[in-house]
Each structure stands twice: as C-alpha cells, then as structure tokens.
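**Student:** Submitted below is the structure of interest, expressed as structure tokens.
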C-alpha cells in the first residue's frame with residue numbers, strides 16, 4: 001500500500017477513505033512504522049463518516065486502535081509525543097469540520113494520556129485541557145451516534 005491508495009479511496013467517498021486509512025495504518029504498523037501508522041489512523045478518525053454507516057458498524061472509530069498503538073513498548077520508534085500531537089491539533093484545528101475534529105483530537109489525547117501517563121504535555125503550549133466530561137459532551141454534540149461509548153470503552157482500556 002501507499003498514500004496513493006488513500007487518494008484513490010478519497011475519490012470514492014468518506015466511508016471508503018475511512019476504511020482505507022485504517023487498512024493503511026495496519027499495513028504501516030506491520031512494516032515497523034508506528035508513527036506513520038498512528039498518523040494514518042488519525043486520518044481515519046477525522047473522516048466524516050455518517051452515523052449508522054456500515055463502515056462504522058464493521059470498524060468503529062479507532063479510539064481503541066490509538067490506545068493499542070501508543071501502549072506498545074516500541075522504544076524510540078515513535079517520533080515525537082502523540083499526547084502533544086493531539087494537544088496541538090485540538091487547539092489549532094480550523095475549517096468546516098473544526099468542532100468534530102477538535103473533540104475527536106481531545107478524545108484521542110485523553111486516550112493517549114490514559115495509555116501513556118508518562119508522556120508529558122507540551123509545557124510551551126498554553127492551552128486549557130478539557131476534562132473527560134467536556135470531551136464526552138463535545139463528542140455527543142459533534143460526533144456520530146455511539147461515539148462517546150466507543151471512546152469511553154477505549155479510554156477504560
């Protein structure tokens with residue numbers, strides 16, 4: 001696989017792009033590229049798949065996959081800190097789907113914090129971090145049906 005597969009799938013609509021991102025993430029992981037795998041899964045997380053679509057029924061939003069990826073003991077293979085990545089993304093996202101992407105980024109941030117409490121926040125990035133209740137409310141308001149439950153299950157491990 002390559003990024004070209006994602007571009008082809010994008011032309012087939014958001015559900016196809018979503019599934020391609022998840023497949024690509026798995027493919028990258030299997031080739032020892034954990035940071036790139038996480039970024040591919042991120043792309044899937046931020047797709048706009050409608051509530052009730054069969055793609056989500058077969059493959060729920062990848063909060064559990066994010067937790068699994070960051071919980072693996074892979075040494076220095078991650079480039080950067082996924083907690084900081086989501087913190088920056090949540091605070092800086094703009095555009096037409098900004099609320100959905102923002103709350104999904106905060107939700108992924110919370111999952112990473114639960115899985116890897118040893119990873120620090122960015123001390124130079126001053127941002128008010130939401131609590132779990134605020135994240136849940138954001139997902140209820142801007143996510144798809146069942147998303148808060150999918151997130152909560154991943155958050156709990």
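**Student:** Tell me what the chain gives for mean residue ellipticity at 222 nm when only DSSP H runs of n ≥ 4 count, each as -39,500 (n - 2.57), the sum divided by the residue total, rounded to 500 deg cm²/dmol. Mind showing how you got there, number by number?
**Tutor:** Working: 9 runs with 100 residues, N = 157.
Only helices count here, giving -19500 deg cm²/dmol.
**Student:** Taking the Cα-to-Cβ direction at residue 118 and at residue 74 and moving 7 Å from each Cα, how far apart do the two end points lie in nm?
**Tutor:** Result: 1.6 nm between the two label points.
**Student:** Quick one: compute the contact order of region 68-121, relative version, from alpha carbon pairs under 8 angstrom and 6+ residues apart, as a percent.
**Tutor:** Details: 38 pairs, mean separation 24.8, N = 54.
Once normalised by length, the contact order is 46 percent.
**Student:** State the percent of C-alpha pairs, over all pairs in region 112-153, separated by a distance greater than 14 angstrom.
**Tutor:** Value for region 112-153: 59 percent of Cα pairs lie more than 14 Å apart.
**Student:** Let me ask you something else. Give me the extension gain from residue 94 to residue 48: residue separation times 0.36 nm, minus the current Cα-Cα distance, reported in nm with one decimal. Intermediate results must be reported in sequence, preceding the final value.
**Tutor:** On the way: separation 46, 0.36 × 46 = 16.56 nm, distance 1.51 nm.
Gain in length upon complete extension: 15.1 nm.
**Student:** Still on this model: Mind giving me the nanometre distance, one decimal, between the label points for residue 4 and residue 125, set 7 Å out from Cα along Cα→Cβ?
**Tutor:** 3.3
**Student:** If I take every Cα pair under 8 Å that is 6 or more residues apart in region 1-125, average their sequence separation and divide by the length, what percent do I get for the relative contact order?
**Tutor:** Values: 130 pairs, mean separation 25.7, N = 125.
That works out to 21 percent.
Read-outs: derived from the displayed coordinates by stated rules, not from any lab. Note that this is a predicted model, so its numbers are computed, not measured. Note that each Cβ is placed from the backbone with ideal geometry, even for glycine, and that neighbours are counted across all protein chains shown.
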